[in-house]
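Undergrad: Dropping the structure in here first, questions after.
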Amino acid sequence: MISREEAMNIISKYGQEHLLDHFDELSSDEKKELLGQIELIDFSVLENLDADKNVNAVRGRFEPLGAVTIDDIASNSKEYIQTGIEAIKAGKAAAVLLAGGQGTRLGFDKPKGMFNIGVDKELYIFECLINNLMDVVKLAGSFIPLYIMTSVKNNRDTVDFFAEKNYFGYDPEYVHFFMQDMAPSVDFDGKILMESRSRISVSPNGNGGWFSSLVRAGMLDEIKKEGVEWLNVFAVDNVLQRIADPGFIGAVIKSGLQSGGKVVSKAAPEEKVGVLCLEDGMPSIVEYYEMTDEMRTLLDEKGELAYKYGVILNYLFNVKKLEEICDKKLPVHIVDKKIPFMNEKGEYITPESPNGHKFETLVLDMVHMQDSCLAYEVVREKEFAPVKNAVGVDSVETARELLKANGVEI
Ligand code: UTP
C-alpha cells in the first residue's frame, strides 16, 4: 500500500490534491480504502481532457466498405456453416460477453443481464443469450467457452445470479468471469469527483478494455493453451444476438480477412448507428454524429446508401492480432454523464442533469486496428433487438415484440 506522501506525489502531477482533503479525518480502514484506490487508478486518462492530446478529434479520410450481403450469405450458407462448425468443434472459437456496463438508460439497479424481459414467464436477458448460444452448442455438439466481462460494481451480482440459475443449463466449466478496469469521473473543470470522504468516484472504463482486462485476469494463457483462435465479442443487451454464429465464423475464415463485424442495413440515412467503413484504407467505424450530410445520403452505383452497414456490437477478432495490438492505446472517449458525488459540504448529491465526464475506451476502436474486416450482413428483425431504454426506441417493449416475432416464448 502506498503512503500518504506517495499518493500526494501521484495526484499532484494531475492537479488532484483535493482527493486527500479529508484524509486526516478518516479511520484507518477508510485511509486504506482511499490510498488503495489512488494506487490502482490510471490517472493518465485525465490527459485526454487536454484538447491537443485528444486523439478522437483527428479522423482520417472515410470511404464506404461493402459487405457480404444477406443474399451472398444465403448462396454460400452451407459452406460457411460447415467451416464455422468445424472451427467450433476443433475448439478454435470462444465467445466474450461484454457485461461490465452500468445500463443507466434502462434504469434497472442490477446488472442488465438480470433484467426479466419475460411477460407470462420469467426470461432474463442472460437467459436469452445462453439460449441463443445453446442453439450453436447443439448444432456443433460441443460447448463453446464463454468469457463474461463484469465490473467491480456488478461482478458479485452477476456471478451469484449465474450460479443461482444453474448457468441456465450451460456447462459451468466453460464459463469464465473477469472484471474490467475502472476510470475516475471528473466534473466539468476536470477535478475528480468523490463519492464520500474516502471513496473516489469511478466507473467502468468502457467496453474497449475487454482484451487487456482479459489478459490481466490471466485468461489469455488458457485461451491459447486451448487452441482458441477466434473471439466473438458481443453486447449483453441484444436479446436476439446470435453468438458464435457458425455462418459468421465460417465466412470470416473463408474470406481470409483478419476480423469480422456483423452489420445491418440502415433503415434510413439519419438512423443513429455507427457505420462500418474504411478510414485511410483501414476498417473503421464512423459514428452517426461524425458523418456529414453528404456521407449520410451518398448513393452507390446501385442507388443504395453507400454508408449503409450499421454495426450491432458483434465482432469476430483473431487472437494473434489481438495480442499484437494489446499494448497499443485505444483512443479515450470523454462522455458527459450524471455522476453522483459528494459536495463541499459533505452531502451526497444525485444530479438531474450531466455534471461531469467519464472516460471510456470502445470496442469499435479495435476495428480500426485490424488490417481488414469482413462486414457480414444479417437480417435486422432476426438478430437485432437491443434493450437500451425502458420505453420507446430500443427498449424493453420493442425487444419483447421482436422476441415474439421470432417465436420466443416470453
Ligand atoms: P452501452 O454503451 O449501451 O452502455 O454498452 P451501458 O453501460 O450498458 O448502458 P448505458 O449507456 O449506461 O445506458 C454496450 C455494451 O458494452 C458493455 C455493456 O455491458 C453492453 O454490453 N459495456 C459498456 C461494458 O462491458 N463496459 C463498459 O464500461 C461499458
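Undergrad: Among the residues of region 101-131, write down those that are at pLDDT 95 or above, more than 10 Å from the ligand (Cβ to nearest atom) and charged (D, E, K, R).
TA: Correct list: Lys110, Asp120, Lys121, Glu122, Glu127.
Undergrad: Is it the case, given these coordinates, that Asp280 is surrounded by 11 or more Cβ atoms within 10 Å (Cβ to Cβ), over 26 Å from Ala99 (Cβ atoms) and of a type in the set (D, E, K, R)?
TA: Criteria met by Asp280.
Undergrad: Being at pLDDT 95 or above and either within 9 Å of the ligand (Cβ to nearest atom) or closer than 17 Å to Lys92 by Cβ (or both) is the requirement here; does Gly206 meet it?
TA: Taking the combined requirement at face value, the residue does not satisfy it.
Undergrad: Any idea which residue in region 288-347 is surrounded by the fewest Cβ atoms within 10 Å (Cβ to Cβ), counting only those that are farther than 17 Å from Val367 by Cβ and within 16 Å of the ligand (Cβ to nearest atom)?
TA: Looking at residues that are farther than 17 Å from Val367 by Cβ and within 16 Å of the ligand (Cβ to nearest atom), I get Tyr289.
Undergrad: What number goes with the only condition from (1) surrounded by fewer than 22 Cβ atoms within 10 Å (Cβ to Cβ); (2) touching a residue at least 40 places away in the same chain (Cβ under 8 Å) that Leu146 does not pass?
TA: Leu146 satisfies every listed condition except (1).
Undergrad: State whether the residues of region 217-235 include one that is under 21 Å from the mean Cα position of the chain (by Cα), over 20 Å from Ala90 (Cβ atoms), surrounded by fewer than 18 Cβ atoms within 10 Å (Cβ to Cβ) and more than 15 Å from the ligand (Cβ to nearest atom).
TA: yes
Undergrad: Here's a follow-up. Mind checking which residues of region 367-390 are at pLDDT 95 or above, within 15 Å of the ligand (Cβ to nearest atom) and hydrophobic (A, V, I, L, M, F, W, C)?
TA: Val367, Phe384, Ala385, Val387
Undergrad: Which residues, taken from region 348-364, are surrounded by fewer than 20 Cβ atoms within 10 Å (Cβ to Cβ) and either away from the ligand (no atom under 16 Å from the Cβ) or farther than 22 Å from Ile41 by Cα (or both)?
TA: Answer for region 348-364, where residues must be surrounded by fewer than 20 Cβ atoms within 10 Å (Cβ to Cβ) and either away from the ligand (no atom under 16 Å from the Cβ) or farther than 22 Å from Ile41 by Cα (or both): Tyr348, Ile349, Thr350, Pro351, Glu352, Ser353, Pro354.
Undergrad: May I pose another question? So, of the residues in region 68-96 that are within 26 Å of the chain's Cα centre (by Cα), outside any helix (DSSP H, G or I) and under 15 Å from Ile223 (Cβ atoms), which turns out to be nearest to the ligand (Cβ to nearest atom)?
TA: Result: Val96.
The values are calculated or read from the model by the stated rules, or taken from the named source; none is laboratory data. Nothing here was measured: the structure is a model prediction, and the numbers come from that model. Note that we place each Cβ from the backbone using ideal geometry, even for glycine, and neighbour counts take in every protein chain shown.
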